[in-house]
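Just below is one structure, and these are the notes that go with it.
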């Protein structure tokens, strides 16, 4: 069953290059600061983490006037950084995050430039781009996402496998309306500078075989009653990214 497919392309490579260069320079500077003991190890671990990178990309997206996408990334980052910030500051930071995000949106809206393009609408130019390509056909999931946020619901009767590729974006895949056959069902993921959320039934057994670099995986399902005969095998790479499983 084909769910949706959408592809939009344009330029933006120069600004992406500067963003990636900034991330590497910032990481090098923070590593030097840690080695010189200018900052503590907990602060370094907080700043050099996939959550912090997602936050930077979110701010960058807000500056580029991609407000919805930027908010998605900031929300993901704030959710996963709450415990670390609370432990570091000695208080619950969740009470401060929403006001901070709202203030940031207001500042970006006031100071970001942009007008009405004749052909592309408010704040849009031919140079801005995002790429989305997500389908589900014959029981196989295929999702590609760059510089955007995607939410996809799988409606196939039986999921036989699939692949998810995310670059500087957020992907939410809902599998609660499908099922997997007895045995192992492979799901290949490749996520860089982004986040993936998988919603799966509580009785699926999840086996994560992903290699991570400055990333993480977490199974946050509650009231799990895993069936050992139905196994979803998640394999691939998570670079400066996070993958979370929920129900």
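We did not get these values from a lab; they are worked out from the coordinates using the rules stated. Just so it is clear, the structure is predicted and the values come from calculations on it, not from any experiment. Ideal geometry is used to build each Cβ from the backbone, glycine not excepted, and the neighbour counts take in all protein chains shown.
Table for the structure above
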| quantity | calculated |
| --- | --- |
| Where labels lie 7 Å past Cα in the beta-carbon direction, separation of residue 153 and residue 246 in nm | 1.6 nm |
| Sorted peptide list for 186-195, 144-153, 200-209, 33-42, criterion being average Cβ within 10 angstrom, highest first | 186-195, 144-153, 200-209, 33-42 |
| Enclosed volume per residue, in Å³, of the convex hull spanned by Cα atoms of the range 131-246 | 75 Å³ |
| Segment residue 223-residue 68, length gained on full extension (0.36 nm per residue, minus Cα span) | 52.6 nm |
